[in-house]
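What follows is a single structure, written as structure tokens, with notes after it.
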Amino acid sequence: MCAKNTKLKLLTFRNMASIFTRIINGEIPCYKIAEDDNYFAFLDINPLAKGHTLVVPKIEEDYIFDLSDETLAGMMVFAKKVAARIKEVTACKRVAVVVLGMEVPHAHIHLIPMNSEADVDFKKAKLELTKEEFLEITSRLQIVE
Ligand code: AMP
């Protein structure tokens with residue numbers, strides 16, 4: 001009985017949509033930057049810098065290198081478009097491309113406006129932006145096609 005319950009719980013856990021899938025499906029709000037048939041980009045809620053954006057595939061896979069070659073390659077091409085917008089809007093030197101995946105088990109790329117290496121230190125305190133600030137940067141970054 002106990003083993004059966006544990007198995008059921010495990011199955012339920014594995015079948016639960018990730019928080020990013022729930023964002024993509026519109027079940028959880030986000031500051032959306034871009035979307036196409038296969039990918040989605042939105043602001044990181046705990047940003048290292050204004051414009052810190054996450055790019056995710058709509059297909060739910062935990063580890064980025066478990067994605068198919070096609071999905072992984074397409075994700076980078078999609079991220080390139082978003083990064084170009086971030087660079088233009090924030091006037092940063094470069095847009096850093098970082099993959100951690102320690103917190104959310106849904107493959108994603110962090111795109112972070114960067115002027116020096118110190119801007120990409122995940123140990124430093126995150127920015128605490130107001131809703132208005134998030135909305136303002138969203139409206140400047142948003143790619144509508
Ligand atoms: P990691 O999995 O280590 O790459 O970290 C996950 C990132 O997702 C962190 O930077 C979080 O701030 C971000 N994050 C988690 N939940 C949300 C959310 N609901 N909306 C936007 N960003 C989120």
_For the stretch 39-125, what does the convex hull of the Cα positions come to per residue, in cubic angstrom?_
90 Å³
_Taking every pair of distinct Cα atoms and averaging 1/r, then inverting, what Kirkwood hydrodynamic radius in Å comes out for the stretch 31-88?_
11.9 Å
*For the chain, give the percent of accessible area contributed by carbon and sulfur heavy atoms, probe 1.4 Å, rounded to a whole number.*
56 percent
_At most 15 other C-beta atoms within 10 Å and a DSSP loop state: those are the exposed chymotrypsin sites (Phe, Trp or Tyr not before Pro) I care about. Give me the longest piece of the chain that has none._
1-62
*Divide by every residue of the chain the summed helix terms, -39500 (n - 2.57) for each DSSP H run of at least 4, and state the resulting mean residue ellipticity at 222 nm, rounded to the nearest 500 deg cm²/dmol.*
-11500 deg cm²/dmol
*How large is ³J(HN,Hα) for each residue in the stretch 91-106, as worked out from phi by the Karplus curve 6.51 cos²θ - 1.76 cosθ + 1.60 (θ = phi - 60°), to whole Hz, x for Gly and Pro?*
6, 7, 5, 8, 10, 6, 10, 10, 10, 10, x, 7, 9, 10, x, 9
*Reachable aspartates and glutamates, given that their alpha-carbon falls under 14 Å from the alpha-carbon of Lys93 and they are not under 8 places away in the same chain*: Glu117, Asp119
*In the stretch 45-103, what GluC sites (Glu not before Pro) fall in a loop by DSSP, with at most 16 other Cβ atoms inside 10 Å?*
Glu60, Glu103
*Counting alpha carbon pairs within less than 8 Å and at least 6 residues apart, what relative contact order, in whole percent, applies to the chain?*
27 percent
*Heads up, I need the accessible area for Thr90: 1.4 angstrom probe, whole protein in place, Å², nearest 10.*
40 Å²
_Neighbour cut-off at most 12 other Cβ (10 Å), DSSP loop, trypsin sites (Lys or Arg not before Pro), the stretch 93-141_ = Lys93, Lys123, Lys124
*Return the inverse of the average 1/r over all pairs of distinct C-alpha atoms in the chain, which is the Kirkwood hydrodynamic radius, in Å to one decimal.*
16.2 Å
_P(r) weight above 14 Å for the stretch 17-61, C-alpha pairs, percent_ = 45 percent
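The values are calculated or read from the model by the stated rules, or taken from the named source; none is laboratory data. Source: prediction; values computed, not measured. Methodologically, a virtual Cβ is constructed for each residue, glycine included, from the backbone with ideal geometry; neighbour enumeration extends over all protein chains shown. For the accessible areas, the whole protein counts, side chains as well, though only heavy atoms, and no ligand, DNA or RNA atoms are used. Shrake-Rupley method; radii C 1.70, N 1.55, O 1.52, S 1.80 Å.
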